[in-house]
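What follows is one structure encoded as structure tokens, with my remarks underneath.
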């Protein structure tokens, strides 16, 4: 597979994956002192091809949003005490269900997997619902083995892995990764992350292995590696603290926010130690890896009045940014296949490398047609008529950012310049 195909920017009649949109869950601002919702929870959508952001829905009556996930043309949102379901194309709200203490989501085999946690405790901390109806299918109770509240949930094969932290019983934090066998609906076992693995918050699958980011008691942070999903390889201290910062697996590195330096650092999963600190000045609240476009999405916020989505290279160099909602945290990629999607299949363009630096290579069936490059605001920055099937375009005069390339009457194709 070519680099352009890998990065989702090849638009041909064959099946190719591309990022249609990035959903951004803006948590809003709930004033704890006055017990009022000053900024509502907002679900937004960012278009990587145009660089434009739009509001999908304002979620009223919920103090915060905690997760968003996408599968089979549907978007699922966890917001305080509600599970909501949207159409990924029309953005229409299709259904919702009350789920007290809902935290994080994962999708498997037509099912929505949920973790839960709440001050004062709950009858159970993990449940599974039907993705079509949102009806409860089953739960894992303390009697089944899951005795503490859980945060993140990720699926590897037919297993659900839970970040078990007891995070709502401050002073009594624990550090386990719980394992649910989904076909048999049983709580199999727990992996003890050790004394430095308290308060696990983020699980990052890598093949059959799992990387765990733990915030301990917020005075320090650690990263654990679980080989084969069951065997603890190490738990390594990585930072003085990461606060409410984010972490994300990018290739073989865990990018995480380092409070001591106010920036992002990288942990080498093979060496089991911190590799370096990125030059980017940002301390992200949310991080998401986009391997198809070869970029990271990072969010920053002041938590009460503003938020920004940044498009970064894997090394942390900013390509572009756009204003979003307040406290943008979790994000999700809406990945599509071009098969059967006429606008993408009709673009007639293959573009590489991704991201591009000074030169963009163009392969096209539109010989004789006018090729237009536009910036994120829709302004034309370059035009030329294609005189052959292959063409090289100089980009050295363009600022880093997200652009689009388009032939007349055809679909636009994203271009990322660093």
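The values are calculated or read from the model by the stated rules, or taken from the named source; none is laboratory data. None of these values were measured; they are calculated from a predicted model. Virtual Cβ from ideal backbone geometry, glycine too; neighbours counted across all protein chains shown.
For segment 137-149, the condition of being at pLDDT 95 or above, crowded, with 17+ Cβ neighbours inside 10 Å, assigned by TED's automatic domain parsing to the domain that holds residue 55 and under 22 Å from residue 223 (Cβ atoms) holds for at least one residue.
The lone criterion from (1) more than 23 Å from the chain's Cα centre (by Cα); (2) surrounded by 16 or more Cβ atoms within 10 Å (Cβ to Cβ); (3) in a loop (DSSP other than H, G, I, E, B) left unmet by residue 133 is number (2).
Among the residues of segment 162-196, those that are within 23 Å of residue 107 (Cβ to Cβ) and without any contact (Cβ under 8 Å) to a residue 24 or more places away in the chain comprise 181, 184. If the condition is being under 21 Å from residue 119 (Cα atoms), at pLDDT 95 or above and part of a loop (DSSP other than H, G, I, E, B), then segment 150-171 contributes 165, 166.
Can you tell me which residue among 291, 281 is surrounded by fewer than 19 Cβ atoms within 10 Å (Cβ to Cβ) and within 16 Å of the chain's Cα centre (by Cα)? Selected residue: 291, the only one of 291, 281 that is surrounded by fewer than 19 Cβ atoms within 10 Å (Cβ to Cβ) and within 16 Å of the chain's Cα centre (by Cα).
Rundown of residues vs (1) surrounded by fewer than 22 Cβ atoms within 10 Å (Cβ to Cβ); (2) touching a residue at least 12 places away in the same chain (Cβ under 8 Å); (3) out of contact with any strand residue (DSSP E or B) (no Cβ under 9 Å at 6 or more places or on another chain); (4) in a strand (DSSP E or B), yes/no style:
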{"site": "49", "(1), (2), (3), (4)": "no, yes, no, no"}
{"site": "64", "(1), (2), (3), (4)": "yes, yes, no, no"}
{"site": "75", "(1), (2), (3), (4)": "no, yes, no, yes"}
{"site": "85", "(1), (2), (3), (4)": "yes, yes, no, yes"}
{"site": "94", "(1), (2), (3), (4)": "yes, yes, no, yes"}
{"site": "100", "(1), (2), (3), (4)": "yes, yes, no, no"}
{"site": "106", "(1), (2), (3), (4)": "no, yes, no, yes"}
{"site": "127", "(1), (2), (3), (4)": "yes, yes, no, yes"}
